[in-house]
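First the structure, in the form of structure tokens, and then the observations on it.
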Amino acid sequence: MDAPRALVAVIDRTAHAAGQPWKVGRTVIKTLWGELAWQLGAEEGLAGLREADASGTSPGKELLRRLLEAHAPCAVLIDELVAYLRQFPDGQELSGGSYDSNLSFVQALTEAAKLVPNAVLLASLPVTARMGPRHRGRHRRRARRDDRP
């Protein structure tokens, strides 16, 4: 029995800064979801997410489900996700979106991947990674306390 060949999208978040769009040929990509769409379907894949990529707004579960279904079987591998998320300053929008829009994307992608039986998502997260905004706040409060004389 032959196993079907799967498309593989490998997203290494140390390759690009959160506030610096990158080019693939003449195509400008700004976000994680733009990179995912491009790797899975090139121009056709990016077409469905172009507006979300341009605005830095998470595309949502339904658009991501359609992207994964259109290019399944597929595997999405995201390396250094937390390192990428930490680049976003609190309350600021960069070309790659915001901290919150990227967290929304990760949530929507995990939900979309659950709905596509022949899609798999793997992301590397350090054991000490804390992604939620509450943890960011705790870290800032702790830092201020540590700075006191």
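Taking helices (runs of 4 or more DSSP H) that do not extend beyond the range 1-81, which have at least 3 residues that are under 17 Å from Asn118 (Cα atoms)?
32-47, 61-70
The set of residues from the range 9-43 being more than 19 Å from Tyr84 (Cβ to Cβ) and touching a residue at least 12 places away in the same chain (Cβ under 8 Å) comprises Thr27, Gly41, Glu43.
Select, from Ser104, Ser95, Ser58, the only residue that is more than 29 Å from Ala3 (Cα to Cα) and more than 12 Å from the chain's Cα centre (by Cα). Let's see the steps before the verdict.
Working: Ser104 fails: more than 12 Å from the chain's Cα centre (by Cα); Ser58 fails: more than 12 Å from the chain's Cα centre (by Cα).
Just a single option satisfies the conditions, and that option is Ser95.
Restricting the range 82-117 to residues that are surrounded by fewer than 13 Cβ atoms within 10 Å (Cβ to Cβ) and either of a type in the set (Phe, Trp, Tyr) or in a loop (DSSP other than H, G, I, E, B) (or both), which is modelled with the highest pLDDT?
In this case the residue turns out to be Pro117.
From the list Glu69, Glu80, exactly one residue is touching a residue at least 24 places away in the same chain (Cβ under 8 Å), at positive phi and out of contact with any helix residue (DSSP H, G or I) (no Cβ under 6 Å at 6 or more places or on another chain). Which is it? Give the steps one after another, and end with the answer.
Values: Glu69 fails: at positive phi.
Every option except Glu80 fails the conditions.
The values are calculated or read from the model by the stated rules, or taken from the named source; none is laboratory data. Quantities reported herein were computed from a predicted structural model and do not represent experimental measurements. Positions of Cβ are generated from backbone atoms using ideal geometry, with glycine treated the same way; all protein chains shown enter the neighbour counts.
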